[in-house]
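Below you'll find the structure, written out as structure tokens, and then a few comments.
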Amino acid sequence: MSTESVSIYPIPSRLQDGPEVPFIGPNIEAYRKAHAESVGPNADNWWAKMALETLHWDIPFHTVRSGSFEHGDVTWFPDGYLNASYNCVDRWAYRNPNKTAIIYEGDEPGQSVEISYGQLLREVSCVANVLKSWGVKQGDTVSIYLPMTWQAVAAFLACARIGAVHAVVFAGFSSESLRDRVNDCKSRVVITADEGRRGGKTIAIKQIVDNALKACPEVEHVLVLRRTGNEVSWTEGRDKWWHEETAKVPNFCPPALLSAEHPLFILYTSGSTGKPKGIVHTTGGYLLNTALTLKYVFDVHENDRFGCMADMGWITGHSYIVYGPLANGVATIVFESTPVYPTPGRFWEVVDTHKLTHFYTAPTAVRLLRRHGEHWVEKADLSTLRVIGSVGEPINPEAWHWLNDYVGRRQAAIVDTFFQTETGTVVIAPFPGAIECKPGSATVPFFGMEAALLDPVTGKELEGNGVEGVLAFKRSWPSIARTVWQDHSRWLDVYLKPYPGYYFTGDGALRDKDGYIWIKGRVDDVINVSGHRLSTAEIESALILHDGVAEAAVIGASDELTGQSVHAFATLKPDFEYDSEASLVKELSVQVRKTIGPFAAPKKIYIVPDLPKTRSGKIMRRIMRKVVAGEGDQLGDLSTLADPSIVEVIKAKVAAAHC
Ligand code: WTA
């Protein structure tokens, strides 16, 4: 797609003179001024002001920031003390205990409840007291493997209340992935549920946990939320019901006094190498940026009802279901179901029923719903929607326009928000009412962000407009992750050493003639499927765990629906015997589901006699990528291949699979 041909999309009139005046103001100058201040010589004063205005500090800070990307020792507000749970719950509960904090929309339509700030404070306190009674102390980790229930929010905040570090594992991960994560962060406590419900199906959550914990010797306690009430297996002494334990403890727990640099959570994410990394975020900086991005990027006002449809197990859920909305004292939705259950009108019924002011989802969901036709959207009253957000992958202009025309009805702002688990919160996005949009561009950096495009070879910063390179950020900002759990050298190696003095995102990007930023996708071996970040190395490692597999190579191909899809090539051990190729392919798919989770299963698996390799044995993924992309006639020079004849075999295999 050429960025030159894209026209600038004007700000909807409603955001220029509507009832809620946008925080930034109806012109780009206000943004430019605030951005210049936030990165200029008085940047620290600007941040100090924001931090004091936005959060409640038990002990205010004197130092705003210290350290640098060069040294990998960044801190923010290091001598300040605060509590994230107090900031997200108590502040609002004392002001108005009946105000809605959470709108829980269950899997079946009509199963919704609203939880007030007062109720949330009691639930958070009770869970915190249960954890304390089990000896959980400041700095201990607690693993959370919960479906999308409102109590999951209470579990996050209960940890934050006592200074325990939550490590949430997306409930789509397999028991093996869960086991590895629980062991990596050495949790003594796991919080889970009996079962989950999603899209009309029951998910055996507790059984997955039980399987995982067979190999987690350090886990002593499991707190089990009753979601469906069906019978589940039980380990006496270890497993305790949430409703029974919380009934035994006082319903107030004083919030712990915590340093701003106290770790708030660990969230595992995939990278170029096999083992997932436990990304660590800290209390003060993370909370400040979640609160500020929610306020400015989404223009959230006091009585808004925020609808983020992500899963709480990913960073978008952490920042924009839990911490961002609650740190602003607004209502947030916890949506348990899928966009198409029971019909493709579900999202819009939810917006209509709950009068959501904001709607935030991934382009994949938009592409899926677009296929089902406009009539599902047109039926609903979506007039409350002011801002619609997209996240997780580049949004194609068709999806952007569909959101704008049918969901926003040209009266809502569309914000394409770029961020990562590591950046913690949105770092590039338009500001409603202030920035005119170009469909497909995440537009401009957030406050404090000094985006830089670097030449991938020389590492030199590319100045001016009309340049393309790898995306990096020059100076630290409050919500940048601090480290990889128990592996600081990995943090330095992956993110800070590739381009000294910069944080390296792993994405390529372009700055067009107007200075707008376009994210071009990953430049490493990460594949983005439906906004889920998958590591090719991790999937390859899963495949070779199968008895028959000798070697595996995984590549990403573009996919109309899911953005990208996983294609895997496998060679077999010479003496391995099997019934049929179809059944073997199924087994390999099961292997990936079992090792990582169903969402990582390859779309296609090709059994091949050999992989294209150079004479020195390096696998040439480029060739497989081109063949799958239908560019098999443009492979260029193949003379470096050890056995060029394999290319024809691969082409034939791929062609046969696509018939
Ligand atoms: C991609 C998800 C284009 C990007 C929040 C990044 C995007 C990775 C966008 C992080 C966007 C996220 N446009 N690409 N608006 N948002 N990405 O850690 O490749 O799960 O590096 O965080 O998603 O994925 P993660």
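Brief remarks on what is shown
- Amide proton proximity set for Arg305, modelled H, under 5 Å, gap of 5+: Thr357, His358
- Between the C-alpha center of segment 195-226 and that of segment 56-120 there is a gap of 27 Å.
- Candidate lysines for bridging to Lys248, where Cα separation is under 20 Å - those fewer than 8 sequence places away on the same chain excluded: Lys132, Lys137, Lys240
- Converting phi to 3J(HN,Hα) with the Karplus coefficients 6.51, -1.76 and 1.60 and the offset θ = phi - 60°, segment 374-385 yields 6, 4, 5, 7, 4, 5, 8, 8, 10, 5, 7, 5 Hz in sequence order, with x at every glycine or proline.
- Other residues lying with their Cβ under 11 Å from the Cβ of His532 contribute a combined charge of -1, Lys and Arg counting +1, Asp and Glu -1.
- Given charges at beta-carbon only (K, R positive; D, E negative), |dipole| of segment 551-591 in Debye: 120 debye
- Global geometry of segment 235-371, whether rounded, prolate or oblate, following the gyration tensor of its Cα atoms and the 1.5 cut on a/c: rounded
- The chain - mean residue ellipticity at 222 nm from DSSP helices (-39,500 (n - 2.57) per run, n ≥ 4, rounded to 500): -8000 deg cm²/dmol
- A dipole drawn for the chain from +1 and -1 charges on Cβ atoms has a positive end, and of Cys88, Gly506, Ala537 the residue lying farthest that way is Cys88.
- Around Cys253: net Lys/Arg minus Asp/Glu count, Cβ-Cβ under 9 Å: +2
- Of all DSSP-defined beta bridges confined to the chain, some 60% are antiparallel rather than parallel.
- Taking one quarter of the surface of the C-alpha convex hull of segment 140-278 gives a mean projected area of 9.5 nm².
- Prolate/oblate/rounded label for the chain (Cα gyration tensor, a/c 1.5): rounded
- Annotation: amide H of Thr141 within the under-5 Å range of Val165, Arg188, sequence separation 5 or more or interchain, hydrogens built in the peptide plane.
- At most 16 other Cβ within 10 Å, DSSP loop - GluC sites (Glu not before Pro), segment 581-659: Glu631
- Remark: segment 546-637 carries a charge dipole of roughly 400 debye about the Cα centre, counting +1 on each Lys and Arg Cβ and -1 on each Asp and Glu Cβ.
- In this structure, the pairs whose alpha-carbon distance is over 32 Å, taken from Lys206/Lys573; Lys201/Lys586; Lys618/Lys653; Lys201/Lys653, are Lys206/Lys573; Lys201/Lys653.
- Three-way shape call for segment 1-126 based on the alpha-carbon gyration tensor, with the a/c threshold at 1.5: oblate
- In segment 206-285, the convex hull through the Cα atoms has an average projected area of 8.6 nm², a quarter of its surface area.
- Projecting the Cα atoms of Gly563, Ile24, Leu462 onto the dipole axis of the chain, where Lys and Arg carry +1 and Asp and Glu carry -1 at the beta carbon, places Ile24 farthest toward the positive end.
- For Ser112, residues with placed amide H under 5 Å, excluding near neighbours: Gly106
- Using the Cβ of Ile162 as centre and a radius below 13 Å, the other residues enclosed give a net charge of +2, where K and R count +1 and D and E count -1.
- For the peptides 530-540, 305-315, 401-411, 290-300, the ranking by packing is 290-300, 305-315, 530-540, 401-411, with the highest mean count of neighbouring Cβ atoms within 10 Å listed first.
- Each residue of segment 461-468 is assigned a 3J(HN,Hα), and the resulting list reads 6, 8, 7, x, 9, x, 10, 10 Hz, derived from the Karplus form 6.51 cos²θ - 1.76 cosθ + 1.60 (θ = phi - 60°), x at Gly and Pro.
- GluC sites (Glu not before Pro) lying in DSSP loop within segment 42-133, provided at most 15 other Cβ fall within 10 Å: Glu70
- Electrostatic dipole magnitude of segment 368-510 [Cβ: Lys, Arg +1; Asp, Glu -1; Cα centre; debye, to 20]: 280 debye
- Working from Cα pairs under 8 Å separated by at least six residues, relative contact order for the chain is 13 percent.
- Note, ³J(HN,Hα) from phi for segment 353-364, Karplus 6.51, -1.76, 1.60, rounded to Hz, x at Gly and Pro: 4, 9, 6, 5, 9, 9, 9, 9, 8, 9, x, 4
Rule-based calculations on the coordinates, nothing more; no lab input. Quick caveat: nothing in here was measured; it's all calculated off a predicted structure. Ideal geometry is used to build each Cβ from the backbone, glycine not excepted, and the neighbour counts take in all protein chains shown.
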